[in-house]
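Worksheet: one structure, shown below.
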Amino acid sequence: MSDDSTPSLRSVPIDTWIEVVYPAERGLIGLRGDIEPFSWDHTEPPVRIDGDSHLFRIPMMAPGELAELKVVRGDDEWANGRNYIVHPGDHVRIEPYFDREMPRLEEGIVVESKDSERPSLTIDVLLPPGYDEQSNKRYPVAYALDGQSLWTHSSDPFGVWSLDATLASLFEVGAVDEIIIVGIHTSEERIARLSPVADPEYGGGRGPETLAAIIEDVKPYIESNYRVREGRENTAILGSSMGGLFAFFAAWTRPDIFGKAACLSSSFWWNKRWAVRLVQNADAPKLRANFYIDSGAAPNRMDHEARLRDGYHHTRSMYRALSGAGLELGSQVHRLVFPGHVHNADSWASRIALPLQLLFPVMPQTVDPSLIG
């Protein structure tokens, strides 16, 4: 027989802790919110400051209760982004930013080749809004093909992705890890530079040169000049159409460099489905990247117009080939189909948020235990 006077463990109120990481020299940090000791009318100081870490405690939250909080700099300077919602017992680590709402773009950087046999590449670098403020933070990086078409203000005649606007929205709601995007311009000799092998009809086949330029020239430049997290698990490559084929080729052959690849509407038809046959016939690399592959699909399954079919059946073949090579579906490989999406930039712009969330999820960050004591 139970003693009704003894509360169950599920009903015992527990403390909730918030660690706000922000450079101390940039200003005093406090919290406002809708639960005591916080309010929306005044700024509550931290209970402890240790370097750049500002520790806050919400005492004795009841099970099922939620608290809504906002980081403040000084007395009344609100952080950008949505309010934070915390649950009882949460240990939440926050890295706020105040000075910018949108990512910052550095354009037209020419990275000279270290080898006369390789092309020099022009790149753009998109930095998260908090990059300049969070001066001790490092970021994962995604190398994106077709840099000439990625941004809202791009003027590519084949359409633009508005990737900067999409990322700003994802950052604002905390839907993806904050990442650096390196846009690699590929408009000049695009087919030749993005094709891993030559095609009997279209030629090409200079993809290995481009890959070498990215790995040996662009990547060292980025790692020397920007605060990136190094390692394959923090390095992705993405592209669409021929860029999708190239991104797949890069991650399949160099998984030691690229741990993730997003391949939208990839040209897996190239050279009699060379990439599909590569996966089917070759030994799968022991070190494997995580792949996102997708395509549109014509509403009418009998439609033979290539732009409407968007390589649906070739992408399905690649999905099957990757499964046969031992990659785990749903973890190492994600495949999505978008009926009605055609082979153009508008379609890719409308769905790029999906692979970004799959490849760069927001991982839970906990409070440094030494701060709580």
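The values are calculated or read from the model by the stated rules, or taken from the named source; none is laboratory data. This is a predicted model, so every value here is computed, not measured. Reconstructed Cβ throughout: ideal geometry from the backbone, glycine too, with neighbour counts over all protein chains shown.
What's the total number of residues in the range 352-364 that are over 20 Å from R288 (Cα atoms), surrounded by fewer than 17 Cβ atoms within 10 Å (Cβ to Cβ) and modelled with pLDDT of 95 or more?
Within the range 352-364, residues that are over 20 Å from R288 (Cα atoms), surrounded by fewer than 17 Cβ atoms within 10 Å (Cβ to Cβ) and modelled with pLDDT of 95 or more number 2.
Only residues that are of a type in the set (A, V, I, L, M, F, W, C) and part of a strand (DSSP E or B): list them for the range 337-351, please.
V337, F338
Look through R351, R288 and report the one residue that is more than 28 Å from W151 (Cβ to Cβ) and out of contact with any helix residue (DSSP H, G or I) (no Cβ under 8 Å at 6 or more places or on another chain).
After ruling out the rest, the residue left standing is R288.
A325: of a type in the set (A, V, I, L, M, F, W, C) and either over 24 Å from L145 (Cβ atoms) or at pLDDT below 90 (or both), yes or no?
No.
Residues of the range 70-92 being within 20 Å of M363 (Cβ to Cβ) and assigned to a strand (DSSP E or B), which ones?
Result: V71, Y84, I85, V86, H91, V92.
Scan the range 197-215 residue by residue and report those that are acidic (D, E) and part of a helix (DSSP H, G or I).
E209
Which of the residues that make up the range 238-261 are among the hydrophobic types (A, V, I, L, M, F, W, C) and surrounded by fewer than 24 Cβ atoms within 10 Å (Cβ to Cβ)?
Within the range 238-261, W252, I257 meet the criteria.
Taking only the range 27-40 into account, find how many residues are modelled with pLDDT of 95 or more and charged (D, E, K, R).
Count: 1.
Identify all residues within the range 103-153 that are buried (at least 19 other Cβ atoms within 10 Å of the Cβ), closer than 27 Å to N290 by Cα and among the charged types (D, E, K, R); write none if there are none.
Result: D124, D146.
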